[in-house]
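Student: The structure that follows is given in the form of structure tokens.
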Amino acid sequence: DVIEATQDVGVFVQLSGVLKRIAVKLSKICNDLRLLSSGPQAGFGEINLPARQAGSSIMPGKVNPVIPEAVNQIAFEVIGNDVTVTLAAEGGQLQLNAFEPIVFRSLSAGLAHLTAGITVLAEHCVRGITANHDRLARTVAASVGLVTALSPALGYETACALALEAHHTGRPALDLVRERELLTEAELRELTSPASLTGLPVL
């Protein structure tokens with residue numbers, strides 16, 4: 001309906017909302033990648049992103065998450081464009097909306113930039129991510145949360161006491177279990193295996 005399309009650009013508002021939803025989710029993924037790769041000393045350092053530049057301009061040897069940061073900025077643009085499309089749709093009068101050019105420009109830019117950003121993120125970042133196995137193993141081994149997995153075998157009160165002692169002394173809970181011979185090494189391995197902790201098969 002050409003007449004309807006002239007006065008009401010609601011379908012473009014809907015499309016812009018879909019693009020914004022994609023942008024918000026994509027930006028959240030990039031935030032997670034940046035946080036999980038932060039470090040190498042004071043950050044999480046759980047994953048390693050591919051190095052795509054020589055290094056930080058102020059910190060020699062530091063690898064900046066430049067691709068996630070670039071995709072974050074694309075997401076910010078798309079979210080801002082959604083506001084523009086919303087205001088342009090609202091600004092029509094009677095049977096005419098004079099602001100369709102900025103609507104089309106905003107949608108076109110959003111589609112093009114999101115497409116490029118997703119492609120670059122997938123090919124030049126996500127595919128090259130590696131896990132920092134040593135750091136992850138140390139973090140898990142030192143986690144008081146492991147006591148939760150031992151609770152069915154040890155009983156709640158014993159597990160609770162172990163968790164409190166591990167927290168206050170800074171000693172790994174598993175070391176306390178071994179020291180007191182509460183479980184055998186085989187039982188510990190079974191209860192704290194990735195398959196047991198996640199409920200997923202080991203790949």
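All of the numbers you see were taken from the coordinates with simple rules; none came from a lab. Computed from a predicted structure; not experimentally measured. Note that we place each Cβ from the backbone using ideal geometry, even for glycine, and neighbour counts take in every protein chain shown.
Student: Pick out, in residue order, every one of the trypsin sites (Lys or Arg not before Pro) in region 116-186 that is DSSP loop and has at most 14 other C-beta atoms within 10 Å; say none if there are none. Walk me through the intermediate numbers first.
Tutor: Details: sites: ARG127, ARG135, ARG138, ARG178, ARG180; in loops: ARG180.
Taking region 116-186 and a limit of 14 other Cβ atoms within 10 Å, the loop trypsin sites (Lys or Arg not before Pro) found are ARG180.
Student: Of the options THR192, GLY117, VAL18, report the single residue whose Cα projects farthest towards the positive end of the charge dipole of the chain (beta-carbon charges: Lys, Arg +1; Asp, Glu -1).
Tutor: In the chain, that residue is GLY117.
Student: Something else about it: When the expected Rg is taken as 2.2 N^0.38 Å, what fraction or multiple of it is the alpha-carbon Rg of the chain?
Tutor: Values: Rg = 25.7 Å, N = 203, 2.2 N^0.38 = 16.6 Å.
Working it through for the chain, the quotient is 1.55.
Student: Hey, another quick one. Only four residue types carry charge here, +1 at the Cβ of Lys and Arg and -1 at the Cβ of Asp and Glu. Report the dipole size of the chain about the Cα centre in Debye, rounded to the nearest 20.
Tutor: Details: 15 positive and 20 negative charges, 117 e Å.
With Lys and Arg at +1 and Asp and Glu at -1, about 560 debye.
Student: Once you have the Cα-Cα distance between GLU185 and ASP32, take 0.36 nm times their residue separation minus that, and quote the gain in nm to one decimal. Walk me through the numbers on the way to the answer.
Tutor: Numbers: separation 153, 0.36 × 153 = 55.08 nm, distance 3.49 nm.
That works out to 51.6 nm of additional length.
Student: Considering Cα pairs under 8 angstrom that are at least six residues apart, work out the relative contact order of region 2-132 and quote it in whole percent. Display every interim value, and only then the final one.
Tutor: Numbers: 155 pairs, mean separation 45.8, N = 131.
The normalised contact order for region 2-132 reaches 35 percent.
Student: Share of Cα-Cα pairs in region 142-198 beyond 18 Å, in percent?
Tutor: Values: 346 of 1596 pairs.
Here the tail beyond 18 Å accounts for 22 percent of pairs.
Student: Do you know the relative contact order of region 142-198, to the nearest whole percent, from alpha carbon pairs under 8 angstrom that are 6+ apart? It would help to have the intermediate numbers written out before the result.
Tutor: Numbers: 46 pairs, mean separation 20.6, N = 57.
Normalised by residue count, the contact order of region 142-198 is 36 percent.
Student: Please check: in the Gaussian network model of the chain (C-alpha springs, under 10 Å), which one of PRO65, PRO152, PRO172 has the largest mean-square fluctuation.
Tutor: Of PRO65, PRO152, PRO172, the most mobile in the Gaussian network model is PRO152.
Student: For LYS20, which aspartates and glutamates qualify as cross-link partners when the Cα separation must be under 15 Å and same-chain residues fewer than eight apart are set aside?
Tutor: Result set, ordered by chain and number: GLU77, ASP82.
Student: Additional query: Taking one equal scatterer on every alpha-carbon of region 27-138, how large is log10 of I(q)/I(0) by Debye at q = 0.11, 0.18, 0.20, 0.21 1/Å?
Tutor: Log-scaled intensity ratios, in q order: -0.49, -0.90, -1.02, -1.08.
Student: Mind checking the full-extension length gain between ALA131 and THR198? Use 0.36 nm per residue of separation minus the Cα-Cα distance, one decimal, nm.
Tutor: Working: separation 67, 0.36 × 67 = 24.12 nm, distance 1.70 nm.
Length gained, ALA131 through THR198: 22.4 nm.
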